[in-house]
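For reference, the structure is listed below as structure tokens.
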Amino acid sequence: MKRQLSITNLFFIFIPLVIGVAGCSKGVSVNSDDLEGRNYGTEKVVVVVIDGPRYEDTWGMEQQPNVPKMAHELLPQGTFFSNFQNNRRTVTVPGHTAIATGNYQGISNDGSELPDKASFLQRYLKETSKPSSKASIVTSKIKLNVLAETNDPEWKGRFTPHTNNGENGKDRADTQTYKEVIKTLQANQPDVMLVQFKGPDSYGHANDWEGYINSIRETDSLVFELWNYLQQDSFYKDKTALLVTNDHGRHSTGHRDGFVSHGDWCKGCKHISLLALGPDFAKGSIIADEYEQIDIAPTVGVLLGIPVPAYDGGKLIMPLLEPEDQRTALFKSSALHEPFAGFPPLSAPQKQDNP
Ligand SMILES: [Zn+2]
Ligand SMILES: [Zn+2]
């Protein structure tokens, strides 16, 4: 089964009163004419990808002890998508490519191949004629260099964003990447930025449970610090959207080698998360409709007023875009200022569909 409706259904069973007004449809197809004439307060966008934590170890846990900053401090200021998915290849480069370009592609995971489509960063530079420093990719993994380029002859070698990926030809620690992110924000003042933290993935592959959980907590803190940084910098304050998501999860507990690996279509690998903070987004909201990685790029395009096509079933994330009075699928509650226990445990892993 491709879709994860059982998660949504469970969600309603466990907390029907809390989430009762939210719609339960799978993804929402959208006519962007609905957005005609909308003006967004968002002028800058930062997308943070936390590489490879499982939903069951992050937002899927009762009280969310491993993502306390995001779940308890940031969610009251933003909108959370509890049914966000990687619906294609659940590995690093394909996941990031889907996020950056809006296109699912069978791209190599070793950094030897370029995306087929231009990223929202390239499109931003083209549309605004700004220098490359205004779109920036800062990552812990060096192989994500490929995100700055594309095979598309119309775009190849043009409108290439600034990159700062890994260090001395190697991957680097997330705390180091975070320092580079802040330096870049200070020095270049980019309008669009893509950041990647690798900790959960690296410790997972090392079969280091404690390191894995600690790195989830570390990335949670780094996201919190980054948001606070943006909110005290007059260039970014109140005009920046921060989207926090994942490239993939990891195998569900009990499936194959569990948290150590990833890459198939089990629930643990596919079910990721999206937290959105920014001037145009509702606060303290949880959306249970399904959205997926390829929806991010066209949605960023609308927020920034630049054309970013949707590919392959990609759609706009309407709860982030429609006028406040039309946000019928939103759940809003002051109760979210308290730690909430709304997310159900994941059900037993399904049989593997495909490697
Ligand atoms: Zn991995
Ligand atoms: Zn899996």
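The values are calculated or read from the model by the stated rules, or taken from the named source; none is laboratory data. Here the structure is a predicted model, which means the values were calculated and not measured. So basically every Cβ, Gly included, is an ideal-geometry build from the backbone, and we count neighbours across all protein chains shown.
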Legend entry - Residue count, the range 195-217 (criterion: of a type in the set (D, E, K, R) and loosely packed, with under 15 Cβ neighbours inside 10 Å): 1
Inset, instruction - State whether the residues of the range 281-303 include one that is of a type in the set (Asp, Glu) and within 11 Å of ligand 2 (Cβ to nearest atom). - result: no
Inset, instruction - Inspect the range 295-306 for any residue being under 17 Å from the mean Cα position of the chain (by Cα) and either within 16 Å of ligand 1 (Cβ to nearest atom) or acidic (Asp, Glu) (or both) and give the result as yes or no. - result: yes
Inset, instruction - Could you list all residues from the range 264-286 that are assigned to a helix (DSSP H, G or I) and small (Gly, Ala, Ser)? - result: Gly268
Inset, instruction - Please list, ordered by first then second residue, the pairs with beta carbon atoms under 6 Å, 6 or more apart or interchain, first in the range 241-256 and at positive phi and assigned to a strand (DSSP E or B), second within 15 Å of ligand 1 (Cβ to nearest atom) and hydroxyl-bearing (Ser, Thr, Tyr). - result: none
Legend entry - Which listed residue is under 19 Å from Val93 (Cβ atoms), within 16 Å of ligand 2 (Cβ to nearest atom) and buried (at least 20 other Cβ atoms within 10 Å of the Cβ), from His262, His271: His262
Inset, instruction - Go through the range 58-77 and give me each residue that's surrounded by fewer than 24 Cβ atoms within 10 Å (Cβ to Cβ) and outside any loop (DSSP other than H, G, I, E, B). - result: Pro68, Lys69, His72, Glu73, Leu74, Pro76, Gln77
Inset, instruction - Output the residue which, of all residues in the range 258-275 that are within 12 Å of ligand 1 (Cβ to nearest atom) and of a type outside the set (Val, Ile, Thr), is nearest to Tyr212 (Cα to Cα). - result: Phe259
Legend entry - the range 57-82 - residue that is within 16 Å of ligand 2 (Cβ to nearest atom) and at pLDDT 95 or above and, of those, farthest from the chain's Cα centre (by Cα): Asp57
Inset, instruction - From (1) at pLDDT below 95; (2) part of a strand (DSSP E or B), pick out the condition that doesn't hold for Asp289. - result: (2)
Inset, instruction - Can you work out which of the residues in the range 227-259 that are surrounded by 14 or more Cβ atoms within 10 Å (Cβ to Cβ) and among the acidic types (Asp, Glu) is farthest from ligand 2 (Cβ to nearest atom)? - result: Asp233
Legend entry - Selection count where residues are away from ligand 1 (no atom under 16 Å from the Cβ) and under 24 Å from Cys266 (Cα atoms), scope the range 34-57: 2
Legend entry - Scope the range 205-256; condition within 16 Å of ligand 1 (Cβ to nearest atom), among the acidic types (Asp, Glu) and over 17 Å from Ser273 (Cβ atoms); matching residues: Asp208
Legend entry - Where Asn109 falls short, out of the listed (1) touching a Leu at 6+ places or on another chain (Cβ under 9 Å); (2) not in a helix (DSSP H, G or I): (1)
Inset, instruction - Among the residues of the range 215-259, write down those that are among the aliphatic types (A, V, I, L, M) and over 15 Å from Met193 (Cβ atoms). - result: Ile216
